[in-house]
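Colleague: Sharing a structure below in structure tokens format, with a few things to ask.
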Protein chains: 2
Amino acid sequence: MELSKSRPSIVFIGAGNVATHLSKAFHDSGCRIKMIYSKTQESARALAEVIGCPYTTDITSIDNDADIYIVSLKDSVLNSILSELVKCNTKALYVHTAGSVSIDIWKGLTDRYGVMYPMQTFSKQRKVDFNNVHFFVEANSKEDTDLLIRTASLISNHVFEASSEQRKYLHISAVFACNFTNHMYAICEHLLSSHGLPFSAMLPLIDETAEKVHHLSPVSAQTGPAQRNDKNIMESHMEMLKNEPETVELYKLISESIHKYQTKQ
Amino acid sequence: MELSKSRPSIVFIGAGNVATHLSKAFHDSGCRIKMIYSKTQESARALAEVIGCPYTTDITSIDNDADIYIVSLKDSVLNSILSELVKCNTKALYVHTAGSVSIDIWKGLTDRYGVMYPMQTFSKQRKVDFNNVHFFVEANSKEDTDLLIRTASLISNHVFEASSEQRKYLHISAVFACNFTNHMYAICEHLLSSHGLPFSAMLPLIDETAEKVHHLSPVSAQTGPAQRNDKNIMESHMEMLKNEPETVELYKLISESIHKYQTKQ
């Protein structure tokens, strides 16, 4: 066990967006990344080359001497791999990184387990500044909670404990604040490009919309036709979208929801 | 007429968020704000006091010697006031600031007219940096288009000509990029606060989501359960929201739309 050293050694299970960014960040912080495992040889090799560590596609050949095994796999395949995975090293700490998956997924499989959830949107093409990423950690013992806090703090200044129940709500909230927000940008780009207008014209507005909620609550920051209940404009917008019935439906539902939030105050 | 001078004199019709921010910015840029008109005495007086100019609530007493009359009223009341308003000064240039209202609203009422649309989200409580605001202008003559470009350029570095048709699409796109995005933040805050979690934890994610689309297209920046088509997680999220059927419906529709945009690529 290398727990007495300040930087734990880590094996990454997965080579997708989250594993890629996390393993690089821990590597840069001085942790030893002992191995990358992925079912997909190409992904495993590509990431292992960047880190400069071995890789495997065979779950029975995973390094058996790391302090922490960090599992970043698609949530839907997590369940099927864990019972086999924990055989690698029965003394190590195992964590997954999924916002919506309970710590209990590990229960009965191994002695030391937990969760390390970095609440951020990871794309391979884009470098992440982990200093600003909020980490929410949880483990089945005080010692391992402390170990996860110390470990995540090697790369982030914002590390918090959160229960699985709290994490579920953080994750669904993040879906609205990030994925759904980004989809509003996507619809915006689609509407502009279908009329020969550049998406870049929208960036100052997008930036100010994000910046505003640093200073005002979202409900009090709201503006626009739905906030003013300006029915003429909303009708004419839905008329403009009539060739895309799903977008009309979205426009209508979101506008009604905005109006409801405004009148709740 | 003072058009030969570099800074036109302006009367503001309206004292809401847009009129407040625009009149202050033009005042600070050295334009003479000759008067504020609003039906609401309190709003007219409050804004006039900040600017240091007269105000009126009587449409027949509006200053009759300004170069430009800028009308920032709720879109739904615009129509009812314009025919009376243009009697103030039959030689001046009249513009409205509404993204979705055609320049033709002025047709037949007066000789010189146009639109000056600042594409931004204005809240009274928050100062606006006009340098970064995109302005879209249009007038019924080349001379007045030039005058509007020169005038808007006194406060912004991003002034463009746009037809009423283009402006309609800019405005509906801005509703998605700003108002609907902000509503995603509002739902996020609601979900967090109902579970004792602080909205501030979400700000780094909100910032990165906005910053990402400076570098990647929104469709390729997308992440999350809908992008991965992770049905388990989406089902469990909708189960968490079941006490709010409208939010479940929004979650479902937006997730379906994300999936559709991903598979269109």
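Colleague: Every residue in the stretch B:218-237 that is more than 12 Å from A:V175 (Cα to Cα) and either more than 7 Å from chain A (Cβ to nearest Cβ) or not acidic (D, E) (or both), please. Before the answer, list the steps.
Modeller: Residues of the stretch B:218-237 that are more than 12 Å from A:V175 (Cα to Cα), as a first pass: B:218-221, B:228-232, B:235-236.
If the condition is that a residue be more than 12 Å from A:V175 (Cα to Cα) and either more than 7 Å from chain A (Cβ to nearest Cβ) or not acidic (D, E) (or both), then B:P218, B:V219, B:S220, B:A221, B:R228, B:N229, B:K231, B:N232, B:E235, B:S236 are the ones that fit.
Colleague: May I ask you to say which residue of A:A226, A:A201 is modelled with pLDDT under 95 and not basic (K, R)? Reasoning before the result, please.
Modeller: Numbers: A:A226 fails: modelled with pLDDT under 95.
Within the list A:A226, A:A201, the selection yields A:A201.
Colleague: If the requirement is being in contact with a His (Cβ under 8 Å, 6 or more places away or on another chain) and more than 14 Å from chain A (Cβ to nearest Cβ), which of these qualifies: B:I68, B:I59, B:I33? Outline the logic, then answer.
Modeller: On the way: B:I68 fails: in contact with a His (Cβ under 8 Å, 6 or more places away or on another chain); B:I59 fails: in contact with a His (Cβ under 8 Å, 6 or more places away or on another chain).
Unique residue meeting the criteria: B:I33.
Colleague: May I pose another question? Just the residues that are of a type in the set (S, T, Y) and either under 14 Å from B:A210 (Cα atoms) or facing another protein chain (nearest Cβ under 7 Å) (or both), please, taken from the stretch A:179-208.
Modeller: Step one: filter the stretch A:179-208 for residues of a type in the set (S, T, Y), giving A:181, A:185, A:193-194, A:200.
Of everything in the stretch A:179-208, those that are of a type in the set (S, T, Y) and either under 14 Å from B:A210 (Cα atoms) or facing another protein chain (nearest Cβ under 7 Å) (or both) turn out to be A:T181, A:Y185, A:S200.
Colleague: Continuing with the same structure: Please pick out the residue among A:V133, A:V86, A:V77, A:V137 that is more than 18 Å from A:I13 (Cβ to Cβ) and either acidic (D, E) or not assigned by TED's automatic domain parsing to the domain that holds A:N179 (or both). Before you say what the answer is, go through the steps one by one.
Modeller: Numbers: A:V86 fails: more than 18 Å from A:I13 (Cβ to Cβ); A:V77 fails: more than 18 Å from A:I13 (Cβ to Cβ); A:V137 fails: more than 18 Å from A:I13 (Cβ to Cβ).
On inspection, the qualifying residue turns out to be A:V133.
Colleague: Considering only the stretch A:159-181, state which residues are of a type in the set (S, T, N, Q) and more than 14 Å from the chain's Cα centre (by Cα).
Modeller: Residues of the stretch A:159-181 that are of a type in the set (S, T, N, Q), as a first pass: A:163-164, A:166, A:173, A:179, A:181.
Of everything in the stretch A:159-181, those that are of a type in the set (S, T, N, Q) and more than 14 Å from the chain's Cα centre (by Cα) turn out to be A:S163, A:S164, A:Q166, A:T181.
Every residue, every condition in (1) at pLDDT below 95; (2) closer than 19 Å to B:A19 by Cα; (3) within 19 Å of the chain's Cα centre (by Cα); (4) not basic (K, R), yes or no:
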| residue | (1), (2), (3), (4) |
| --- | --- |
| B:S100 | yes, yes, yes, yes |
| B:H134 | yes, yes, yes, yes |
| B:S141 | no, no, no, yes |
| B:D146 | no, no, no, yes |
| B:N157 | yes, no, yes, yes |
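Colleague: Find the helices (runs of 4 or more DSSP H) located wholly in the stretch A:176-255 whose residues include 3 or more that are surrounded by fewer than 21 Cβ atoms within 10 Å (Cβ to Cβ), and list them.
Modeller: Numbers: elements: A:181-193, A:203-212, A:218-221, A:225-228, A:231-240.
Where helices (runs of 4 or more DSSP H) fall fully within the stretch A:176-255 and carry at least 3 residues being surrounded by fewer than 21 Cβ atoms within 10 Å (Cβ to Cβ), they are A:203-212, A:231-240.
Colleague: Let me ask something else. Filter the stretch B:102-125 down to the residues that are within 14 Å of chain A (Cβ to nearest Cβ) and either over 13 Å from the mean Cα position of the chain (by Cα) or in a helix (DSSP H, G or I) (or both) and list them by number.
Modeller: Here is the first cut: in the stretch B:102-125, the ones within 14 Å of chain A (Cβ to nearest Cβ) are B:102, B:104-105, B:117-125.
Correct list: B:S102, B:D104, B:I105, B:Q125.
Colleague: Among the residues of the stretch B:164-178, are any within 7 Å of chain A (Cβ to nearest Cβ) and aromatic (F, W, Y)?
Modeller: Taking the stretch B:164-178 first, the residues within 7 Å of chain A (Cβ to nearest Cβ) are B:166, B:168-170, B:172-178.
Going one step further and asking which of them are aromatic (F, W, Y), we end up with B:169, B:176.
Yes; the residues of the stretch B:164-178 include at least one that is within 7 Å of chain A (Cβ to nearest Cβ) and aromatic (F, W, Y).
The values are calculated or read from the model by the stated rules, or taken from the named source; none is laboratory data. Just so it is clear, the structure is predicted and the values come from calculations on it, not from any experiment. Because the Cβ atoms are built from the backbone with ideal geometry, glycine has one as well, and the counts that use them run over all protein chains shown.
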